[in-house]
1. Taking θ as phi - 60°, what are the ³J(HN,Hα) couplings along segment A:262-271 by the Karplus curve (6.51, -1.76, 1.60), each to the nearest whole Hz, with x for Gly and Pro?
2. Kindly write out, for segment A:394-410 in residue order, the coupling ³J(HN,Hα) from the Karplus curve 6.51 cos²θ - 1.76 cosθ + 1.60 (θ = phi - 60°), rounded to whole Hz, with x marking Gly and Pro.
3. Please compute the alpha carbon radius of gyration of segment B:118-237, then divide it by the globular-protein estimate 2.2 N^0.38 Å. Two decimals is fine.
4. With only Lys, Arg, Asp and Glu charged, each at its Cβ (+1 for the first two, -1 for the last two), find how big the charge dipole of segment A:256-391 is about the Cα centre; round to the nearest 20 debye.
5. Taking the alpha-carbon centroid of each part, what is the distance from segment B:81-138 to segment A:151-195 in angstrom?
6. Going 7 Å from the Cα of B:LYS169 in the Cα-to-Cβ direction, what parts of segment B:195-213 have a backbone nitrogen less than 19 Å from that spot?
7. Going Cα to Cα from A:LYS78, which aspartates and glutamates come in below 17 Å? Please leave out same-chain ones fewer than 8 positions away.
8. Could you list, in their original order, any pairs among A:LYS42/A:LYS153; A:LYS185/A:LYS284; A:LYS211/A:LYS403 whose Cα atoms are separated by more than 25 Å?
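The numbers here are math on the coordinates, done by the rules we state, and not lab data. What you see is a predicted model, and the numbers here were worked out from it, not measured in a lab. Neighbour counts run over all protein chains shown; Cβ positions are idealised from the backbone, glycine included.
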Amino acid sequence: MARRSSTISRRRFLRTTALGTTAAAGLLHAPAVLRAQAPTVKIGVLHPVSGALSYSGQQGRLGATMAIDEINTSGGIKALGGAKIDPMLGDAQSTPDGGNAEVEKMNAAPVCAVVGGYASAICLSATQTAARYDLPYVVDVGVVDSIVTRGLKNTFRFGPGFGVIAKTALENLVAINDQAGKPAKTVVIVHEDSAFGAGLAKLLNAQLPDKGFQVLDTIPHPTPTREFESIVLKIKAANPDLVIPANYYNEYVLLARTMLQQHVRPRAIYSVLGGAASSYKFVKEFPEAAQYIMDCNHWFNPKNPKALALKKQVEDKGQFYTYEVYMNYSVVLLLADAIERAASTDRAKIIDAIASSTFSGHVMPYGPTKFANGQNQGAAPVNTQVQGNDIQVILPETFASAKPVFPMPA
Amino acid sequence: MLSPVILIPAVLNGLMTGAIYALVALGLTLIYGVLHIINFAHGALLSAAMFAAFFAHAQLGLDPYLAAVFLTPLFFLFGYGLQRFLIGPAAHGEDRNFLLVTLGLAIVIENALLYAFRADTRTINLPYAFSTIEVGSAFLAVPRVIAFVAVVAVTAVLWAIMQWTDTGKAIRAVAKEKLGAELSGIDVAHIYAVTFGLGTACVAVAACLLIPTYYVNPTAGDAFVLIAFTIVVLGGMGSITGALTGGLFVGLVESLSSVFLGQSLGQIGIFVMFIVVLLLRPNGLFGERA
């Protein structure tokens, strides 16, 4: 315990110092703002920045802190006299227990709201802990639908859940398959065995047969898994037209690379929330393994200038513009907008303000923001495909930048 | 499911994985055979060696196979020092103290690693990590083939050392009859430390062979050691041949049960086998009578 708290306090120290410097620089440039010392608004920023999900967690933290820096340099929360947002960064250590412990600390700090969580399993338990303290919690990614169907008044999700994603993914799969003359009939699902992968596999197993696909095999694996040879051998034995992976980044990359290594070439790899399938990092590092992979996932709105400006900022930092970044960026902006309208750090008032949000300053390809029972009804995924060295949006047509290549050229 | 297209690669993969298990078990069985202690710190030492190989690549740009050349002697010295100056003196020659000291050492090493490197899972990417060699219908990953060959070579060298060198003879003498060996002028404390050093060196080689295809975190070694204990019991406590055959066999069982039972259940096969062996041949396949 001593180790963890000392590390966190060092990080927080650095963070606060950095923010202080930024704020000081801001003040120097804008002396007009220099009135009475503005109070700060403390919010919790929770991500799994160590452990198996550390890459995704760090990306999420990056997006959240970029949004906070942006808000602070443009005058903070105006309704609270220009109060700066003071993030309390938490590390869920890639486990639900780690997430709970951090939420307890954040509540005691006290923060007025929490954002993040990333993994479904972490979000499920962290939101529940936050609910005990009526602490507003905005989930960044966690897609399991029970996150918002348990009736927790404090819990909001800006992004889409499983139900919507699986439905869109299936509709788009049928559309792509029909367009190509129905070359794909059989499917193997490879999924990670926690809340996210197992839940999705169950949904797909229930719905694929209705759409005319036969599920030959459903293969679970733990996170982390470093050895995909047995799994790829099973895929080889089943010889499906489609492979549908649902897992996190490291495992996804390994699976795709092992398939390439073992010369397993289905007609398409069509992932639903594939951890790496629409990641620039994957495309850059392993272009051969990533080629033509299709994915139904979170994505930014390629027609939104703000989304493209953010992309440039992130890439200028030498980082990849992954979905964790822009989803967390959007979620923090959403929360800041709610605090602005609540004009208070009172938890109940913030909860009411989020619930009535119609926020449109985000970078996602969503419809109008409207929360019903904590779920944003405008949230939707898009379909992407790796083509050449880039990731193109192939569906829906309003956002599409390329046509699907299906089946994969041999 | 029983098509040869699947079966042959699964068998070959199993043997390759098994070779690494065998190497970890070799270190363990050697230490058990001579010192008659179960080295609980083996897994932590494996994690430490994997970190060493990882940083040799990440910081110095050293290929893991090249790193093995200097990490092996380094870990030999480390192991020698541990036994000579820490475990030996702290245990005062009592078996139960050995157990507790190595257990304590494991906790210290693991937490030192956790403190220094956090719980992150790290991997290295080598250009040849995903190259394959085609054997009939199977595609074998190059690093695994290298590991297999290296393990067989290390086992042969170790066997030769035990068989033909003076140190090897002294080790065998101490293992058989400690008092007699001491009376004929063998420095038992030194031989203990050499044996522990050899066991630790095996771990260093295993780490360098593992890192191209595996990940490292502070508890990465534990998974291997649990299996290595099984192998040591299966092959017979203290038997070099037993460790090699046991390792290959366990790798095979694991690979086949992963294919037929699924990744999450793959290890069940190993432990079922472990229980069966304990029931039917308590001294292991190659073990001498207790």
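1. 8, 6, 9, 10, x, 5, 7, 9, 10, 9
2. 10, 8, x, 5, 4, 10, 5, 10, 7, 8, x, 9, 8, x, 4, x, 5
3. 1.37
4. The dipole of segment A:256-391 has a size of about 180 debye.
5. Spelled out, the Cα-based centre of one part sits 42 Å from the other.
6. B:195
7. Those aspartates and glutamates meeting the cut-off are A:ASP69, A:GLU70, A:ASP86, A:ASP337, A:GLU340, A:ASP346.
8. In this structure, A:LYS185/A:LYS284 lie more than 25 Å apart at Cα.
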